[in-house]
Amino acid sequence: MENSIHRKDLEYCYKVYDLLAQLEENARKRNELVREAKRVLDKHVHFLASMNAFALPLILIGLFILSEDANFKGISQIVNPDNTGPFIASLFGLIFISALIWMNVYFTFIALYCKGIFRWSKQRVKAKVYATMAAKKQEIGYEQALIIKSDYLLSSRIPDEFLSVLGLGYLIRNLEKHPESTLENELAELKRDIQNEDFRRTIVPEGKTMIQQERENHYLDFLAEIFD
């Protein structure tokens, strides 16, 4: 009878451990998607900044070419060896000035964008990026909800403070070492062991456990911090 209880308790712990490992993997996926969203969003913003920064220098270069064309009375005079030197010097000077203008416009656009000055443009970019991430976000969120709402975690026999990969790993190792023991016995033993503060820090995390945080936050949009 005791062996039967022990086997069931061990299988129960294996199942809870697997769910917690899946939850950790789900959290890793969420963090990776957040990082990917930030990368894509930054890429779009820098592209917009580059396009806006190119506009003014291109206009200036166009005006320069037109004015030089008028001054040299035709393209044939521009390519004349006698006129090429001044033209090239002027062109290089304008390119240098255009580069300075590009840098100033580029970084000014980035700064103003981050401050929310270009609100319409900012909202449009965020909506576009969010749309590309929506399907993956929904898939990960659905997976997270299924894990959290599992009976093994929703009404677990194991206290929240021990509902972690480390806590379950410790319980499983002790159950495997003691075939005559039960989950309740090992939990009682663990509660005594964590009276030792050094040991407690290896099993019980500071603050809220992962399972407590997941229960509180699983309904939140984990991409909201980027797209708010």
Selection status of LEU23, open to solvent by less than 40 Å² (accessible area, probe 1.4 Å) and either in contact with a strand residue (DSSP E or B) (Cβ under 9 Å, 6 or more places away or on another chain) or within 24 Å of SER155 (Cα to Cα) (or both): yes
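A quick yes/no check of all residues on (1) in contact with an Asp or Glu (Cβ under 6 Å, 6 or more places away or on another chain); (2) within 30 Å of ALA53 (Cα to Cα); (3) among the β-branched types (Val, Ile, Thr); (4) buried (at least 16 other Cβ atoms within 10 Å of the Cβ):
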| residue | (1), (2), (3), (4) |
| --- | --- |
| TYR113 | no, yes, no, yes |
| LYS137 | no, no, no, yes |
| LEU146 | no, no, no, no |
| SER155 | no, no, no, no |
| ILE158 | no, no, yes, yes |
| GLY167 | no, no, no, yes |
| ILE172 | no, no, yes, yes |
| THR182 | yes, no, yes, yes |
| ILE194 | no, no, yes, yes |
Would the range 1-14 turn up any residue that is at pLDDT below 80 and either outside any helix (DSSP H, G or I) or in contact with a Cys (Cβ under 6 Å, 6 or more places away or on another chain) (or both)? yes
Here is a check on your reading of the model: is GLY62 out of contact with any strand residue (DSSP E or B) (no Cβ under 7 Å at 6 or more places or on another chain), in a helix (DSSP H, G or I), at pLDDT below 80 and more than 30 Å from LEU190 (Cα to Cα)? yes
Among the helices (runs of 4 or more DSSP H) confined wholly to the range 135-210, which include 1 or more residues that are more than 20 Å from ASP9 (Cβ to Cβ) and touching a residue at least 24 places away in the same chain (Cβ under 8 Å)? 197-203
Of the residues that make up the range 172-181, is at least one closer than 18 Å to THR209 by Cβ and at pLDDT 90 or above? yes
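The values are calculated or read from the model by the stated rules, or taken from the named source; none is laboratory data. Just so it is clear, the model here is predicted, and its values are computed rather than measured. Note that each Cβ is placed from the backbone with ideal geometry, even for glycine, and that neighbours are counted across all protein chains shown. What goes into the accessible areas is simple: the full protein's heavy atoms, side chains included, and nothing from ligands, DNA or RNA. Shrake-Rupley method; radii C 1.70, N 1.55, O 1.52, S 1.80 Å.
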